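All of the numbers you see were taken from the coordinates with simple rules; none came from a lab. Nothing here was measured: the structure is a model prediction, and the numbers come from that model. Cβ placement follows ideal geometry from the backbone for every residue including glycine, while neighbour counts extend to all protein chains displayed.
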Amino acid sequence: MIASMTAFARREIHLPWGSLSWEIRSVNQRYLEPGFRLPESLRSLETALRQRLKQKLARGKLDLTLKFYPADDRQELVLNEPLLQKLVTSAEKVRSKTAEAAPLDPLKLLEWPGVIQASAVDEEEIQAEALTLFDLALDDLQAHRLREGEALAAMIEERLQQITTHLQSAQTYLPAALEAWRNSLQEKAAKLQVEVDPARLEQEIVLLAQKQDVAEELDRLEAHVKEVRRALNSKGPVGRRLDFLMQEMNREANTLGSKAMSLDMTQVSVELKVLIEQMREQIQNIE
């Protein structure tokens, strides 16, 4: 089953020590390109998060944001008295050597990094919960990608059916085109009052038929249609393979147009290229 690269997932959890929330946004990209936004206190998780991500996704540009909100009633302030005493001692030494020094401002001392500390929280527990929540968010994201992929597959299948119909029609156009060309030669010869050798006329028809034979292109297009269907029903990332098949189908459709002997065949070529381009645009979102 194919998966889209466009999806969104959000998970959050509330515990006595605070809340965690993950938001993951995914869009199409040729390779897997994650961008993590983590709280500084949980920055050490990034390596483990990247490993978990690679196990589940192969392509896509992802914005992954983790937010941590400590519980207010768990944030008791702790005074780092040894550090405070060192600051006071150092400040007194400076004052003793400085004339007209201003008195110490207690609030300024409290703003010094490390003087005021929040009560300790079990960091390992927070990290474990963040990883578990990340796995759940990834599962939600993958489920969303699969739902989107199912819709993309349906749109592609619809266009494959239309392509098959056009290919079947093209098979019937060539004999009529050759007959029309034969009649055209005969009409021109009649207007010029030139006698046409029937054997020579048939020889020209055979040569033209060989040059304008599109059976090979039609066969290859039918084979590509089958291969696209096979890819849509396979497991794992298939976006790049489908993109390659679109290039091949477009090339065959162009050749078909260059060999067209009638307006009907030209129209088939145009319709095929339109349908192939529509599929190609959708395939850009497939993993």
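Full extension of the chain between GLU157 and THR172 yields a length gain of 3.0 nm, computed as 0.36 nm times the residue separation minus the alpha carbon distance. In summary, the helical segments of the chain meeting the span-like criteria, namely a full DSSP H run, a Cα extent along the axis of 15 angstrom or more and a mean Kyte-Doolittle hydropathy of at least 0.0, are 263-283. The fewest-to-most ranking of TYR69, TYR31, TYR173 by surrounding Cβ atoms within 10 Å reads TYR31, TYR69, TYR173. Model label points for ASN233 and VAL27, set 7 angstrom from Cα along the Cα-to-Cβ axis, are 3.5 nm apart. Here are some pairs, LYS67/LYS108; LYS61/LYS273; LYS54/LYS235; LYS86/LYS108; which of them have Cα atoms lying more than 21 Å apart in this structure? Flagged as over cut-off: LYS67/LYS108; LYS61/LYS273.
Applying 0.36 nm per residue to the separation of LYS54 and ALA143 and subtracting their alpha-carbon distance, the gain on full extension is 30.4 nm. Here TYR69 and PHE244 are evaluated by their C-beta separation; at R0 = 35 Å the FRET efficiency comes out at 0.15. Between amide H atoms placed 1.01 Å from N, distances below 5 Å from GLY60 occur with GLN29, TYR31, LEU32, GLU33, all of them 5 or more places distant or on a separate chain.
Applying 1/(1 + (r/R0)^6) with r as the Cβ-Cβ distance of SER19 and GLU81 and R0 = 45 angstrom yields a FRET efficiency of 0.90.
Using θ = phi - 60° in the Karplus curve 6.51 cos²θ - 1.76 cosθ + 1.60, the 3J(HN,Hα) couplings for segment 10-19 round to 9, 9, 9, 9, 10, 10, x, 8, x, 10 Hz; x is entered for Gly and Pro. Note on GLN127 and LEU104: with the Förster distance fixed at 41 Å, the Cβ-Cβ geometry gives a FRET efficiency of about 0.55.
Rounded to the nearest 500, the 222 nm mean residue ellipticity of the chain from helices alone is -21000 deg cm²/dmol, with -39,500 (n - 2.57) taken per DSSP H run of at least 4 residues. With the convex hull constructed from alpha-carbon coordinates only, the chain shows a mean projected area of 26.7 nm² over all directions. Neighbour counting of Cβ atoms within 10 Å sorts the residues LYS67, LYS86, fewest neighbours leading, into LYS86, LYS67.
With both labels modelled 7 Å from their Cα along Cα-to-Cβ, the SER90 to THR255 distance reads 7.8 nm. Residues SER258, SER26 in ascending order of nearby Cβ atoms (within 10 Å, fewest first): SER258, SER26. Length gained on full extension, LYS97 to GLU111: 2.6 nm, using 0.36 nm per residue less the C-alpha separation.
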